[in-house]
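S.K.: Would you mind keeping the following structure in view while I ask a few things?
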């Protein structure tokens, strides 16, 4: 794995055979910031989130399986959306700004339907994505399973996928007519078809396959 270039003031040290990544990050300015001040401080490569005026520095995800799952899901969303005609897929460090909740989050992967492209800004999505995926890491369990779940539900994110590489488990939640999430699929295996993006099908076991899923099999499942 070769980490992509990030902040000009940062330093990456990827050590072969290990899963540690050393990152030097500048500290945010003291005190509370508006969202606009936050973006000025960290325009498009933040490794940070904004929560009610506070800057939350994120731990850079470095586990190989985490990175592989994110890369596969971005490919899967792109393929299912026919490379953008049905919508577009994004990943961190691109921001999703939920202004009513005073939150600026950096989901691992999120998908925006074509009819909601008017929400796109140069540095962030202004409003909820249609599908959000968070790949859980040990330091993010509380944030992903409790804080973000409640926020995404309130904001109206139609599908919320939680992927846990450590437990090899997934929870795929669908927003109901009552505005509450229900679990559509949970576990280490099973097939899910997205309600938001009907061509998108996920066999959960693909996420744990080593060295990775058979892309020909995936394309056949998608009908391609």
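S.K.: Contour minus end-to-end for residue 117 and residue 34, with contour as 0.36 nm per residue of separation and end-to-end as the Cα-Cα distance?
M.R.: Using 0.36 nm per residue and subtracting the Cα-Cα distance, I get 27.5 nm.
S.K.: At a Förster distance of 22 Å, what's the computed FRET efficiency of residue 85 paired with residue 217, Cβ-Cβ distance as r, to 0.05?
M.R.: Once rounded, the FRET efficiency stands at 0.40.
S.K.: Turning to a different aspect of this structure: Describe numerically, in nm with one decimal, the distance between label points set 7 Å from Cα along Cα→Cβ at residue 186 and at residue 56.
M.R.: A separation of 2.2 nm, rounded to one decimal place.
S.K.: Still on this structure, please answer the following. Radius of gyration and Dmax for the stretch 62-222's Cα atoms, expressed in Å?
M.R.: Radius of gyration, then largest Cα-Cα span, for the stretch 62-222: 14.7, 43 Å.
S.K.: Okay, moving on. Once you have the Cα-Cα distance between residue 178 and residue 99, take 0.36 nm times their residue separation minus that, and quote the gain in nm to one decimal.
M.R.: Answer, rounded to one decimal: 26.3 nm.
The numbers here are math on the coordinates, done by the rules we state, and not lab data. Treat the numbers as computed from the prediction; the structure is a model and nothing was measured. Neighbour counts are summed over all protein chains in view; Cβ atoms, including those assigned to glycine, are modelled from backbone coordinates with ideal geometry.
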